[in-house]
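The values are calculated or read from the model by the stated rules, or taken from the named source; none is laboratory data. Source: prediction; values computed, not measured. Note that we place each Cβ from the backbone using ideal geometry, even for glycine, and neighbour counts take in every protein chain shown.
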Amino acid sequence: MRPPVVIGGALAGKAGSGGEAWVRMSWVRGFQQLGFDVWFVEQADDPSPEQVAYFDRTIAEFGLGERAVLLTANGPLRGVALETLVDVAPEAALVNISGHVDAPVLFPRFRRRVYVDIDPGFTQSWYSDGVGGHRLDGHDVFATIGDRIGLAGCPIPTCGVEWVHVRQPVVLDDWPQVSAPAFDRFTTVASWRGPFGPVTIGGETLGSKVREFRKFLAMPTTGHRFEMALAIDPGDAADRVALERAGWDLVDPRHVADSPSAFRQYVQGSGAEFSVAQGVYVHTRSGWFSDRTVRYLASGKPALVQATGFELSLPTGTGLLAFGTLAEAFAGADDVARRYDEHAAAARAIAVGHFDAATVLARFCEQCGIG
């Protein structure tokens, strides 16, 4: 077996979101596929009983057993003894998703520490502004899913580091292609406002996801069915009414996507994805690409998604369609419905060619010095 790799990330802290669990567990499963001895660690200051139970269920679902720990301010709450993980650390690389792990008793002991940025634009803006910057400190290598960071035309600051570009890995055996007898509807799993507030980059304040959503309320007027498993606050009741009046079908994500298995079932039972992106991803042309969309593609589900610069490095037009305007989104929806079988086959091919964990993480290891 290859040397230990410890994936740091949030499960209990993202309780009830099956999609978020897949973000972290796809790294776990991908490194396992490459033959590494893989561990998982989460820090959570004071998790609720519901969060702890979610951690337990998810770890059990992915068979991590004694190779996972939920670390609190008072020590390990679940999983292996902290002493065991401390003993493993000097031989291990820490793949630290969002810089989640920073405990002094553990963080400095790792042989190599790799920061993985899954919120490009937010991460760099916060660091530049001195907000949460400690999360970058102490790492040896910095990786981002923002393909355009550091390149001409992308205003996101590099924070004085050289960013390694990495795509979100998907273990294709975990996400097999699922054929549909015919196209039925566009779906997505979304939070109406997203987890973060606006940020300022290059003197411009960039809005949240809700502002992008509102530009595309009219999608159901194409005559196609649009459904969202949508987390929306009661304070946004006016937006909910506007969505429903425009013809959107809204379902509660707690009923269809609250666990990894439920999330997979919802995605694979869909016809295609339609989704927008956070304003910061769109307006900075960051190259951000949704991990959720990767799962749709792997399942053979076409994706019609808002352009963020990813269209400069990924094949688009069949299987994956990028839009910037409402007219482009309308045309894309019609094209998906008209050429559905062709789009479905191309969607899977894009996942195989660009997001297969075996390829993505092998290159990641070379770039980051993980042996």
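Scanning for something part of a loop (DSSP other than H, G, I, E, B) and not β-branched (Val, Ile, Thr), does the range 230-239 turn up at least one residue?
Within the range 230-239, the subset part of a loop (DSSP other than H, G, I, E, B) is 232-233.
Subset that is not β-branched (Val, Ile, Thr): 233.
Yes, that holds for at least one residue.
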Item to check | Output for the range 333-352, where each listed residue is more than 25 Å from Leu217 (Cβ to Cβ), free of Cβ contacts under 8 Å to residues at least 24 places away in the same chain and not in a loop (DSSP other than H, G, I, E, B) | outcome: Asp341
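A quick yes/no check of all residues on (1) assigned to a helix (DSSP H, G or I); (2) buried (at least 21 other Cβ atoms within 10 Å of the Cβ); (3) not assigned by TED's automatic domain parsing to the domain that holds Ala21:
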{"site": "Ala262", "(1), (2), (3)": "yes, no, yes"}
{"site": "Ser270", "(1), (2), (3)": "no, yes, yes"}
{"site": "Tyr281", "(1), (2), (3)": "yes, yes, yes"}
{"site": "Ser286", "(1), (2), (3)": "no, yes, yes"}
{"site": "Phe289", "(1), (2), (3)": "no, yes, yes"}
{"site": "Val305", "(1), (2), (3)": "no, yes, yes"}
{"site": "Glu328", "(1), (2), (3)": "yes, no, yes"}
{"site": "Ala331", "(1), (2), (3)": "yes, no, yes"}
Next on the checklist: Among the residues that make up the range 334-342, is at least one of them within 22 Å of the chain's Cα centre (by Cα) and farther than 23 Å from Phe122 by Cα?
Outcome noted: no
Next on the checklist: Which condition from (1) of a type outside the set (D, E, K, R); (2) under 23 Å from Asp291 (Cα atoms); (3) surrounded by fewer than 16 Cβ atoms within 10 Å (Cβ to Cβ) is the one that His165 breaks?
Outcome noted: (3)
Checklist entry - Which one is surrounded by the most Cβ atoms within 10 Å (Cβ to Cβ), of the residues in the range 180-209 that are more than 20 Å from Glu273 (Cβ to Cβ) and touching a strand residue (DSSP E or B) at 6+ places or on another chain (Cβ under 9 Å)? => result Val199
Next on the checklist: Any residue that is buried (at least 18 other Cβ atoms within 10 Å of the Cβ) and either over 22 Å from Arg264 (Cβ atoms) or more than 23 Å from the chain's Cα centre (by Cα) (or both) - is there at least one of those in the range 6-23?
Outcome noted: yes
Next on the checklist: Criterion first (farther than 20 Å from Ile145 by Cβ, of a type in the set (A, V, I, L, M, F, W, C) and at pLDDT 95 or above) does Ala44 satisfy it?
Outcome noted: no
Next on the checklist: Looking at the structure I just gave you, is Ala68 farther than 29 Å from Ser259 by Cα and either surrounded by 16 or more Cβ atoms within 10 Å (Cβ to Cβ) or at pLDDT 90 or above (or both)?
Outcome noted: no
Checklist entry - How many residues are under 23 Å from Pro104 (Cβ atoms) and in contact with a Phe, Trp or Tyr (Cβ under 6 Å, 6 or more places away or on another chain) if we restrict to the range 23-69? => result 2
Next on the checklist: Of the conditions (1) surrounded by 22 or more Cβ atoms within 10 Å (Cβ to Cβ); (2) of a type outside the set (Gly, Ala, Ser); (3) out of contact with any Phe, Trp or Tyr (no Cβ under 7 Å at 6 or more places or on another chain), Asp87 satisfies every one except a single condition; which number is it?
Outcome noted: (1)
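State which residue is farthest from Ala92 (Cα to Cα) when the search covers only the range 1-12 and only residues that are at pLDDT 95 or above and part of a strand (DSSP E or B).
Within the range 1-12, the subset at pLDDT 95 or above is 4-12.
Checking which are part of a strand (DSSP E or B) leaves us with 4-8.
Working: Pro4: 5, Val5: 5, Val6: 7, Ile7: 10, Gly8: 12 Å.
Going through the qualifying residues, I end up with Gly8.
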Next on the checklist: Please go through (1) under 25 Å from Gly18 (Cα atoms); (2) surrounded by 20 or more Cβ atoms within 10 Å (Cβ to Cβ); (3) free of Cβ contacts under 8 Å to residues at least 60 places away in the same chain for Ala60 and return the number of the only condition it doesn't satisfy.
Outcome noted: (2)
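Provide a single number: the residues in the range 111-162 that are among the small types (Gly, Ala, Ser) and within 20 Å of Ser290 (Cβ to Cβ). First the steps, then the outcome.
Initially, the range 111-162 is screened for residues among the small types (Gly, Ala, Ser), giving 121, 125, 128, 130, 132-133, 138, 143, 146, 150, 152-153, 160.
Next, only the ones that are within 20 Å of Ser290 (Cβ to Cβ) stay: 121, 125, 143, 146.
Final tally of qualifying residues: 4.
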Checklist entry - If a residue has to be without any contact (Cβ under 8 Å) to a residue 60 or more places away in the chain, part of a loop (DSSP other than H, G, I, E, B) and at negative phi to count, how many in the range 187-229 make the cut? => result 6
Checklist entry - Can you tell which of Arg245, Arg285 is among the basic types (Lys, Arg) and under 22 Å from the mean Cα position of the chain (by Cα)? => result Arg285
Checklist entry - Does Thr144 satisfy the condition of being within 15 Å of the chain's Cα centre (by Cα) and more than 23 Å from Gly30 (Cα to Cα)? => result no
Checklist entry - In the set Val105, Val116, which member is hydrophobic (A, V, I, L, M, F, W, C) and touching a strand residue (DSSP E or B) at 6+ places or on another chain (Cβ under 6 Å)? => result Val116
Checklist entry - Out of the residues in the range 90-122 that are closer than 22 Å to Pro47 by Cβ and without any contact (Cβ under 8 Å) to a residue 40 or more places away in the chain, which is surrounded by the most Cβ atoms within 10 Å (Cβ to Cβ)? => result Phe107
